[in-house]
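Q: Below you'll find the structure I mean.
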Amino acid sequence: MNHYNKNLDKNNANFVPLTPLSFLQRAKDIYPNYEAVIYEDRKYTWADVYKRCVKFASALEKIGIRKGDTVSFLAFNTPEIFEAHYSVPMTGAVLNALNYRLDVDNIRFILEHAQTKILITDREFSETIGKALGEMKQQPLVIDIDDPTHEGGQLLGQQTYENFIASAEAGEYSHPDDEWQAISLCYTSGTTGNPKGVVLHHRGAYLNAIGQLLVFGVNPRSRYLWTLPMFHCNGWTYTWGITAAAGTHICLRKVDPALIFSLIKEHRVTHMCGAPIVLTMLIHAPENAKLRFEQTVEVATGGAAPPSQVIRNMEQMGFRVTHLYGLTETYGPATVCAWQTDWDQLDEDGKTRKMARQGGAYHTLEDIMVANPETMEAVPQDGETMGELMIRGNTVMKGYLKNPNASEEAFRGGWFHTGDLGVRHPDGYIEVKDRSKDVIISGGENISSLEIEEVLYKHPEIMEAAVVARKDDKWGETPCAFVTLKPGSEHVDEETLIHWCRERMAHFKSPKTVIFGELPKTSTGKIQKYTLRERANQH
């Protein structure tokens, strides 16, 4: 026997499962009177937040929520969904933060697939939620977020969030007994079929949150503005990361450029995140809305590489941009384009070309590889040879809920297969070149081209359809549809087809451009999407 193992076992003194819940405990113990959360005229200290979260957890347990149950949230970036990132896992339950841009069918599918026991929803979504619940055989208990800053919508539940919290006494909570235990369930749109449920665990959430601090330089003096939806990969784990640093969460109900500038100035914001679309909105805000501020604001962006002009314009307004890359399956960002000092000598174009790359692994990620997906052999670091980007480490999901085949395929060969194709440069930095599954990333949202094609094919006048990504200055990418009409269907135009799609799916998924004509095919009859992509960007 190895003498380093003899009588040296794990016990309660030397091993405690990792969980981001410990961040809240620490913030409350060390910084009880620091500003924790600011939203409109509501302000909470870390002592306040801890008390509210524990009371929420107690209220959930009081009505029967237990380990492994699903609690779903449909909310804007308000204190309620932030608190849920602690309250729900305190009970051992799993938090399912819903994308509020989804349509009725997707919401209904997720609630049923996740076997949601309780749904907490902002009343603004009452119309969508009402329809979704009406189509469900077994409905979850509904609790309403009655935000006094917003008028409109109806109360669907038995009580409001605040009354629900008030119904319980503050108690104590215990850590999970297994760090592999599920903490959250996030749904991602695949290229075929229904959304897939990504199951994340306490250990990964803890580590990725720490990774965010190291990459983004967050500390107790940091003030983080929530321009990134908390439903998106749990806010890239900044819901837990900012708390780990005991920084201040500044909540924002909706992305409004004028309000963002105002909040940056008023609250001395130091950090924020968002897709390139958020950056573009700030750049093109009315001049009278672009307030000047003394501090430099760190901005992390991902989803698609920000155009060079966007980076330059942001810097001129007082922001510093960091480019990240990740997926829902990796708790959000997993790589960072870490700045090298010798890049300071490059001209603006040279700097932005470097910054556009996806870079290297987070401190808390074990490894990344660009390899041939069949042979699993790494490609040479020549910046030219294409391969699939693969990831492995403790910040990779547990797997896909109720989908063992998809999980097995994703983890083939002991690596998580991202489905993104890229190269590795001589300096080791990776750069994504294409998406092997034709996913369109528009404004930070993943859109399945096949989902749009299915809707188009339902139109009685369409014979063939194919959808690809088209570059867009505002959104990064938008869906571009190529269609071949049936003979004698000359009266169908672009506006008609866009309207057709918008009536049958979430508006942000609908094509923004429609091009008519014969579709190019291979000798076997397969549509050549790479040719269509070239055409789309020439149109």
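The values are calculated or read from the model by the stated rules, or taken from the named source; none is laboratory data. Quantities reported herein were computed from a predicted structural model and do not represent experimental measurements. Positions of Cβ are generated from backbone atoms using ideal geometry, with glycine treated the same way; all protein chains shown enter the neighbour counts. Protein only, heavy atoms only, side chains kept; ligands, DNA and RNA dropped before computing areas. Shrake-Rupley method; radii C 1.70, N 1.55, O 1.52, S 1.80 Å.
Q: Search the range 280-299 for residues that are within 10 Å of Lys265 (Cα to Cα) and pair each with any residue that is surrounded by 14 or more Cβ atoms within 10 Å (Cβ to Cβ) and of a type in the set (S, T, N, Q) when their beta-carbon atoms are under 9 Å apart and the residues are at least 6 apart or on different chains.
A: Matching pairs, first to second residue: Gln295/Thr270.
Quick grid of which residues meet (1) among the small types (Gly, Ala, Ser); (2) within 20 Å of the chain's Cα centre (by Cα):
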site	(1), (2)
Gly360	yes, yes
Val370	no, no
Met397	no, yes
Phe416	no, yes
Gly419	yes, yes
Ile440	no, yes
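Q: Which condition number in (1) surrounded by fewer than 22 Cβ atoms within 10 Å (Cβ to Cβ); (2) under 24 Å from Ala114 (Cβ atoms); (3) of a type in the set (Val, Ile, Thr) is the one that Thr239 fails?
A: Only one criterion in (1) surrounded by fewer than 22 Cβ atoms within 10 Å (Cβ to Cβ); (2) under 24 Å from Ala114 (Cβ atoms); (3) of a type in the set (Val, Ile, Thr) is unmet by Thr239, namely (1).
Q: Something else about it: Hey, can you tell me all the residues within the range 267-299 that are open to solvent by 10 Å² or more (accessible area, probe 1.4 Å) and farther than 18 Å from Lys254 by Cα?
A: Arg268, Thr270, Glu287, Asn288, Leu291, Arg292, Phe293, Glu294, Gln295, Thr296, Glu298, listed by residue number.
Q: In addition: Since Ser489 meets every condition but one in (1) at pLDDT below 90; (2) among the polar types (S, T, N, Q); (3) under 24 Å from the mean Cα position of the chain (by Cα); (4) open to solvent by less than 30 Å² (accessible area, probe 1.4 Å), which condition does it not meet?
A: (3)
Q: Select, from Ser167, Ser222, the only residue that is small (Gly, Ala, Ser) and over 21 Å from Ser22 (Cα atoms).
A: Ser167
Q: Filter the range 433-486 down to residues that are free of Cβ contacts under 8 Å to residues at least 40 places away in the same chain and part of a helix (DSSP H, G or I) and give me whichever is farthest from Pro229 (Cα to Cα).
A: Per the stated criteria, the residue is Tyr457.
Q: Tell me which residues, restricted to the range 361-380, are within 15 Å of Val396 (Cβ to Cβ), of a type in the set (A, V, I, L, M, F, W, C) and either open to solvent by 60 Å² or more (accessible area, probe 1.4 Å) or not in a loop (DSSP other than H, G, I, E, B) (or both).
A: Within the range 361-380, Ala361, Ile368, Met369 qualify.
Q: Would you check which residues across the range 98-125 are among the polar types (S, T, N, Q) and either open to solvent by 40 Å² or more (accessible area, probe 1.4 Å) or part of a loop (DSSP other than H, G, I, E, B) (or both) and list them?
A: Asn99, Gln115
Q: Let me ask something else about it. In the range 315-360, which residues are part of a loop (DSSP other than H, G, I, E, B) and of a type in the set (A, V, I, L, M, F, W, C)?
A: Met317, Cys337, Ala338, Trp339, Leu346, Ala356
Q: Suppose the filter is touching a helix residue (DSSP H, G or I) at 6+ places or on another chain (Cβ under 9 Å) and buried (at least 23 other Cβ atoms within 10 Å of the Cβ); does Trp180 pass it?
A: no
Q: Hey, any hits in the range 242-261 for a residue that's among the acidic types (Asp, Glu), open to solvent by 40 Å² or more (accessible area, probe 1.4 Å) and over 30 Å from Val104 (Cα atoms)?
A: no
Q: Could you check the range 1-89 for strands (runs of 3 or more DSSP E) lying wholly inside it with 2 or more residues that are touching a residue at least 12 places away in the same chain (Cβ under 8 Å) and open to solvent by 10 Å² or more (accessible area, probe 1.4 Å)?
A: Answer list for the range 1-89: 42-45.
Q: Six or more apart or on different chains, Cβ atoms under 6 Å: show the pairs whose first residue is in the range 122-143 and more than 17 Å from Asn99 (Cβ to Cβ) and whose second is of a type in the set (A, V, I, L, M) and part of a helix (DSSP H, G or I).
A: Going by the 6 Å Cβ cut-off, the qualifying pairs are Gln139/Leu133.
Q: Can you find, within the range 183-225, the residue that is surrounded by the most Cβ atoms within 10 Å (Cβ to Cβ) among those that are among the aliphatic types (A, V, I, L, M) and over 27 Å from Ala338 (Cβ atoms)?
A: Ile183
Q: Might you check whether a residue that is in contact with a Lys or Arg (Cβ under 8 Å, 6 or more places away or on another chain), of a type outside the set (Phe, Trp, Tyr) and part of a strand (DSSP E or B) occurs anywhere in the range 397-418?
A: No, that holds for no residue.
Q: Right, another one. How many residues does the range 492-502 hold that are over 20 Å from Ile440 (Cβ atoms) and either in a helix (DSSP H, G or I) or open to solvent by 40 Å² or more (accessible area, probe 1.4 Å) (or both)?
A: Looking only at that region, the number is 3.
Q: Let me ask something additional. Among the residues of the range 126-148, which ones are within 16 Å of Ile81 (Cβ to Cβ), modelled with pLDDT of 95 or more and open to solvent by less than 20 Å² (accessible area, probe 1.4 Å)?
A: Ile129, Val142, Ile143, Asp144, Ile145
Q: Scan the range 242-266 residue by residue and report those that are free of Cβ contacts under 8 Å to residues at least 40 places away in the same chain and either outside any loop (DSSP other than H, G, I, E, B) or of a type in the set (S, T, N, Q) (or both).
A: Those that are free of Cβ contacts under 8 Å to residues at least 40 places away in the same chain and either outside any loop (DSSP other than H, G, I, E, B) or of a type in the set (S, T, N, Q) (or both): Ile242, Pro257, Ala258, Leu259, Ile260, Phe261, Ser262, Leu263, Ile264, Lys265, Glu266.
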